[in-house]
Amino acid sequence: MVEANDVEMKPADESSAASSPEAEVKKDPDLLTIEDIREQVKQLEKAVYGKDHRYAFRVLRCLANTRRKLNTNVLRRLVQGYYTHSAKERTALEAFIIDDNDMEIEIDSKPVPSPKLRPARSEKPLIPEVDAYLHLLVLLRLVDLGKAGEARECSDLLLIKLKAYNRRSLDLVAARCYFYYARAYELDNKLEQIRPNLYARLRTATLRNDCEGQAVLINCLLRNYLHYNLYDQVGVFVDNFLILAKIFIPRSKHFRQINLCRRVLSRKLLVTTNGLVTCTIWAVSRLFN
């Protein structure tokens, strides 16, 4: 006889099925990526308005992980969601978003709602740090797809944006942009064309005491010279850098960079008429690790 206070127990299989994670609705991975990038944008805004570079460092540390999650759908939603203030800028970036060849498109599937990134009719322009970061994500996707020509054009447009601003809060993002600007031209076998631009940006970074930009641009210039086996120019460049480092770069800043340049200069003495010995290549390759 069952008492009134007794509770009828459900079968074990029914209770486990109700609490299993498979029963929960899985989120779209593209939607999760967009939410992550939205949080990164908020971190960049904190770094600008709070004048705290640690938030920008935090975003850039996640760039490699974010880069692996990028695809056409994510980039298109980001551009359409953030560039509501300017149809011209939105169209310019959308032109560089190339469809993935292996992406399966379901025509009959219902569209997944995107998170609200900005007000639909917001006329307020993006801050330069966010604009450069979103542009960099588009450039990274082109580099990963091996689209050298499109990546070179996209990097040119990004460099034009960076030249228009003089903001210390933009230095960290700009340093990453400089590297992938050079990388896009390297993939297109046109590295010699950007040497004047790299020197101009290095001069500007030195005068503005932009240590991060100086470190990246010096490596890009060394890589540019070594790509064409211009070892004499490498020696002259390193000589000039060591002289300028005593004037413009504080002793506590980029000490490793100065030591590596000195190592390159010392190994250059081992250059023969037939080329560079193995130990020199090893020493210079340490600059890009």
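The values are calculated or read from the model by the stated rules, or taken from the named source; none is laboratory data. Since this is a predicted model, take the numbers as computed values, not measurements. Using ideal geometry, Cβ is built from the backbone for each residue, glycine included, and neighbour counts are taken over all protein chains shown. The area values use the complete protein model at the heavy-atom level, side chains included, leaving out ligands, DNA and RNA. Shrake-Rupley method; radii C 1.70, N 1.55, O 1.52, S 1.80 Å.
For VAL112, work out the one condition from (1) open to solvent by 30 Å² or more (accessible area, probe 1.4 Å); (2) among the aliphatic types (A, V, I, L, M); (3) at pLDDT 90 or above it doesn't fulfil.
(3)
For residues that are assigned to a helix (DSSP H, G or I) and in contact with a Ser or Thr (Cβ under 9 Å, 6 or more places away or on another chain), scanning just the range 145-184, find the one that is nearest to LEU134 (Cα to Cα).
The residue in question is CYS177.
I'd like to check something: does the range 125-133 contain any residue that is open to solvent by 50 Å² or more (accessible area, probe 1.4 Å) and under 20 Å from ALA92 (Cβ atoms)?
Yes: the range 125-133 contains one or more residues that are open to solvent by 50 Å² or more (accessible area, probe 1.4 Å) and under 20 Å from ALA92 (Cβ atoms).
Give ASN229, ASN209 a once-over and let me know the one that is more than 23 Å from GLN80 (Cβ to Cβ), touching a residue at least 40 places away in the same chain (Cβ under 8 Å), part of a loop (DSSP other than H, G, I, E, B) and over 19 Å from the mean Cα position of the chain (by Cα).
The conditions single out ASN229.
Can you pull out the residues in the range 39-63 that are in contact (Cβ under 8 Å) with a residue 60 or more places away in the chain and open to solvent by less than 60 Å² (accessible area, probe 1.4 Å)?
GLN40, VAL41, LEU44, ALA47, VAL48, ALA56, VAL59, LEU60, LEU63
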